[in-house]
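A.B. asks: Sharing a structure, written as structure tokens. Questions coming.
Values quoted throughout were computed directly from the atomic coordinates according to the rules given, and no laboratory measurement underlies them. Note that the coordinates shown come from a computational prediction; the quantities given were computed from them, not determined experimentally. Because the Cβ atoms are built from the backbone with ideal geometry, glycine has one as well, and the counts that use them run over all protein chains shown.
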Amino acid sequence: MNGAQDMGGLHGFGPVEPEQNEPVFHADWEKRAFALTLAMGTPGGWNIDMARSARENRPPGEYLSMSYYQLWFAGLETLLKERDLVNDDEIVAGHSLHPPKPVKRTLSPGDVAQVLYRGGPTERATNTQARFKVGDTVRAKNINPLTHTRLPRYVRGHEGTIERVIGCHVFPDSNARGAGENPQWLYTVRFDGRELWGEGADPTLKVSVDAWEPYLERA
Amino acid sequence: MSGHDYHDHDHSELTETQLRVRALETVLTEKGYVDPAALDLLIETYEKKVGPRNGARVVAKAWADPAYRARLFKDATPAIAELGYAGRQGEHIVALENTPQRHNMVVCTLCSCYPWPVLGLPPVWYKSAPYRSRAVADPRGVLKDFGVSLPKDTEIRVWDSTAEIRYLVIPMRPAGTDGWSEEKLAELVTRDSMIGTGLPKQPKDLK
């Protein structure tokens, strides 16, 4: 979706303001929202693309008015409610009011280290051939799906060069919709700064995105 | 939740968030979906164990050990796993080599993708609209916000982390460090130098 999460090239947000000796979290509720999100991934059964989609799928003004962990928390509430794991009346009451839905497993303290160490690799075996090779000129398609995508607006319609053939990876546009992993070849595509931003761009600038094959066409 | 104190009373709208987070944790705990001890462990992991000191060890080893450096640039994920760093948000890592001709900078314009096993959780500025919007269009302007200025003809190479590939910048080894141990070299490696918004410390910066 063409939402506020897709920020590359927007103006007006002001300078980047690094914080000296920044703590990992800025409030206790941030810690709990972070940990709840990670821990609920086990019984919740959603994937990372569904989680990203749940965070970004909201009106731009709302997205921009929320802090990072507020977005995480709002995304978590969405994912839980979609699956009837929690109802609104329970969040208001601050207590469970309905019997729990059976879940396959939960995250026990003993599993934490192993689950984090394992992570969630997204490369998949394939017997298909990559359509593009290193050095090919490609164009990012002008697509505007209403659902989750990872092709930023600022590269759409622009020509770039295949810099790396990464492998075959889970395709977020399908995975976020519950339409399966639908693995696709993934490439690093490098764009010249002037191709993206015009003649006034920094002549030394090159920008790459990692783009799945369905995002690309031969130029 | 008893045992946790919810401070940050600065903003009333955050108080509502605090209450809602606490309420949800209670509901999920009562339903048996989460174990608060597992939550504590997740928090402790990213507050205490996983952070940019991990990445600094990788960089220092790449500076000191040519064979390791070669393995790192060939396939960073197993090379980094040699030091015990792997897993969530670092399943597929690529190391980027800074040279006198080229400076690498990493961003995630779409959310906050960041190599957790080597850098920990991202700082607020990395996730913020100013950085995500400007890094791909005006990286030299962003570098200026960090007090960094590079030669006019240095190529600025920005990597937008739009997939599950995570990028780690390997900055150039500072001069005057010949014969230094990996431990001492690691003290020169800053978090920002591994994102590409900063440079490593110089020997004179170490007390």
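A.B. asks: Return a whole-number percent for the relative contact order of chain B, with Cα pairs under 8 Å and 6 or more residues apart as the contact set. Each step should come with its number before you reach the end.
C.D. replies: On the way: 292 pairs, mean separation 47.6, N = 207.
Over chain B, the number comes to 23 percent.
A.B. asks: A further question on this structure: Rg/Rh for the range A:1-122 to two decimals, with Rh computed the Kirkwood way over all alpha-carbon pairs.
C.D. replies: Details: Rg = 16.6 Å, Rh = 16.7 Å.
Rg/Rh: 1.00.
A.B. asks: Using Stokes-Einstein with the Kirkwood hydrodynamic radius over Cα pairs, what translational diffusion coefficient do you get for the protein assembly as shown at 37 °C and a viscosity of 0.692 mPa s, in µm²/s rounded to a whole number?
C.D. replies: The diffusion coefficient I find is 146 µm²/s.
A.B. asks: For the range B:164-207, give the magnitude of the charge dipole about the Cα centre (Cβ charges: +1 Lys/Arg, -1 Asp/Glu; no others), in debye to the nearest 20.
C.D. replies: For the range B:164-207, the charge dipole is close to 140 debye.
A.B. asks: Tell me what chain B gives for mean residue ellipticity at 222 nm when only DSSP H runs of n ≥ 4 count, each as -39,500 (n - 2.57), the sum divided by the residue total, rounded to 500 deg cm²/dmol.
C.D. replies: After summing the helix terms and dividing by the residues of chain B, the value is -11000 deg cm²/dmol.
A.B. asks: Among B:94, B:124, which comes first, then next, by fewest other beta-carbon atoms within 10 Å? Let's see the in-between values first.
C.D. replies: Working: B:94 21, B:124 16.
The most exposed by this proxy come first: B:124, B:94.
A.B. asks: Sticking with this structure for a sec: Which lysines, on any chain, are close to residue A:133 with Cα under 26 Å apart, when same-chain ones fewer than 8 places away are left out?
C.D. replies: In chain and number order, the partners are A:141, A:206, B:74.
A.B. asks: So which of B:61/B:184; A:104/B:31; B:61/B:144; B:61/B:152; B:48/B:184 end up more than 18 Å apart by C-alpha?
C.D. replies: Over 18 Å apart, Cα to Cα: B:61/B:144; B:61/B:152; B:48/B:184.
A.B. asks: Which residue, B:116, B:125, B:159, tops the fluctuation ranking in a GNM of chain B built on C-alpha contacts under 10 Å?
C.D. replies: B:125
A.B. asks: Sticking with this one: Based on Cα coordinates alone, diagonalise the gyration tensor for the range B:89-207, multiply each eigenvalue by 5, take square roots, and list the semi-axes in whole Å, largest first. Working shown, then result.
C.D. replies: Numbers: eigenvalues 109, 60, 33 Å².
So the equivalent ellipsoid measures 23, 17, 13 Å along its semi-axes.
A.B. asks: Report ³J(HN,Hα) in whole Hz for each residue of the range B:176-193, in order, from the Karplus equation J = 6.51 cos²θ - 1.76 cosθ + 1.60 where θ = phi - 60°; Gly and Pro get x.
C.D. replies: x, 10, 4, x, 5, 6, 4, 4, 6, 4, 4, 5, 7, 8, 8, 4, 5, 5
A.B. asks: Also, quick follow-up: Taking the Cα centre of the protein assembly as shown as the origin and placing charges on Cβ (Lys, Arg +1; Asp, Glu -1), which of A:198, A:59, A:174 is farthest toward the positive end of the dipole?
C.D. replies: A:198
A.B. asks: Let me ask another. Cα-based Rg of chain A per 2.2 N^0.38 Å, rounded to two decimals?
C.D. replies: 1.18
A.B. asks: Points 7 angstrom from Cα along the Cβ direction at residue B:150 and residue A:22: gap in nanometres?
C.D. replies: Modelled inter-label distance: 2.0 nm.
A.B. asks: Unpartnered cysteines of the protein assembly as shown (Cβ-Cβ under 4.7 Å counts as a partner)?
C.D. replies: A:168, B:111 - these cysteines have no disulfide-compatible partner (Cβ-Cβ under 4.7 Å) in the protein assembly as shown.
A.B. asks: Sort the following peptides by mean Cβ neighbour count (other Cβ atoms within 10 Å, averaged over residues), highest first: A:124-135, A:35-46.
C.D. replies: By packing density, highest mean first, the sequence is A:35-46, A:124-135.
A.B. asks: Could you work out the mean count of beta carbons from other protein chains within 10 Å of each residue's beta carbon in B:114-127?
C.D. replies: On the way: counts 0, 0, 2, 3, 0, 0, 1, 3, 2, 5, 8, 6, 3, 4.
Going residue by residue through B:114-127 and averaging, the value is 3.
A.B. asks: Here is a follow-up. For the charge dipole of chain B, defined by +1 on Lys and Arg C-beta atoms and -1 on Asp and Glu C-beta atoms about the Cα centroid, which residue among B:158, B:186, B:103 has the Cα displaced farthest towards the positive pole?
C.D. replies: Projecting each Cα onto the dipole axis, the largest value belongs to B:103.
A.B. asks: Can I ask one more? Quick check: the distance between the Cα centres of the range A:134-170 and the range A:1-68, to the nearest angstrom?
C.D. replies: 23 Å
A.B. asks: Aspartates and glutamates within cross-link reach of residue B:207: Cα-Cα under 14 Å, excluding same-chain residues under 8 positions apart?
C.D. replies: By straight Cα distance, residue B:207 reaches B:187.
A.B. asks: Looking at the range A:79-174, what % of the alpha carbon pairs are farther apart than 21 Å? Before the final figure, lay out each step's value.
C.D. replies: Values: 2929 of 4560 pairs.
So the pairs more than 21 Å apart make up 64 percent of the total in the range A:79-174.
A.B. asks: Working from the pairwise distances between different alpha carbons, so that the mean of 1/r is found and then inverted, what is the range A:137-218's Kirkwood radius in Å?
C.D. replies: On the way: mean 1/r = 0.0757 Å⁻¹.
13.2 Å is the Kirkwood radius here.
A.B. asks: Oh, and also: Residue B:49: which lysines have alpha carbons under 17 Å from its alpha carbon, excluding same-chain residues fewer than 8 sequence positions away?
C.D. replies: Cross-link targets: A:31.
A.B. asks: Related question: Just add up the charged neighbours of residue B:69: K/R +1, D/E -1, any other residue whose Cβ is under 14 Å from the Cβ of residue B:69.
C.D. replies: Around residue B:69, the charge tally is 0.
A.B. asks: Treating the Cα atoms of the range A:98-151 as identical point scatterers in vacuum, please give the log10 of the normalised Debye intensity I(q)/I(0) at q = 0.20, 0.22, 0.23, 0.27 Å⁻¹, two decimals.
C.D. replies: Log10 of I(q)/I(0), two decimals: -1.01, -1.05, -1.08, -1.14.
A.B. asks: Please report the relative contact order for the range A:1-113, taking Cα pairs under 8 Å with a sequence separation of at least 6, and give it as a percent rounded to a whole number. Intermediate results must be reported in sequence, preceding the final value.
C.D. replies: Values: 72 pairs, mean separation 37.2, N = 113.
Reported as a whole number, the value is 33 percent.
A.B. asks: If I take R0 = 56 Å and measure r between the Cβ atoms of residue A:113 and residue A:141 in this structure, what FRET efficiency does the formula 1/(1 + (r/R0)^6) give, to the nearest 0.05?
C.D. replies: Details: r = 42 Å, r/R0 = 0.74.
Efficiency, from the Cβ-Cβ distance: 0.85.
A.B. asks: Which net charge results for the neighbourhood of residue A:18, defined as the other residues with beta-carbon distances under 13 angstrom from its beta-carbon, given Lys and Arg at +1 and Asp and Glu at -1?
C.D. replies: Charge balance in the 13 Å sphere: -2.
A.B. asks: Also, quick follow-up: Rounded to the nearest 500, what is chain A's calculated 222 nm mean residue ellipticity when only DSSP H runs of at least 4 contribute -39500 (n - 2.57) each, over all residues?
C.D. replies: Helix contribution divided over all residues of chain A: -8500 deg cm²/dmol.
A.B. asks: Still on this structure: Can you give me the P(r) profile for chain B? Cα pairs, bins 5 angstrom wide beginning at 0, each as a whole percent.
C.D. replies: Bin by bin from 0 Å, the calculated values are 1, 7, 13, 16, 16, 15, 11, 8, 6, 4, 2, 0, 0.
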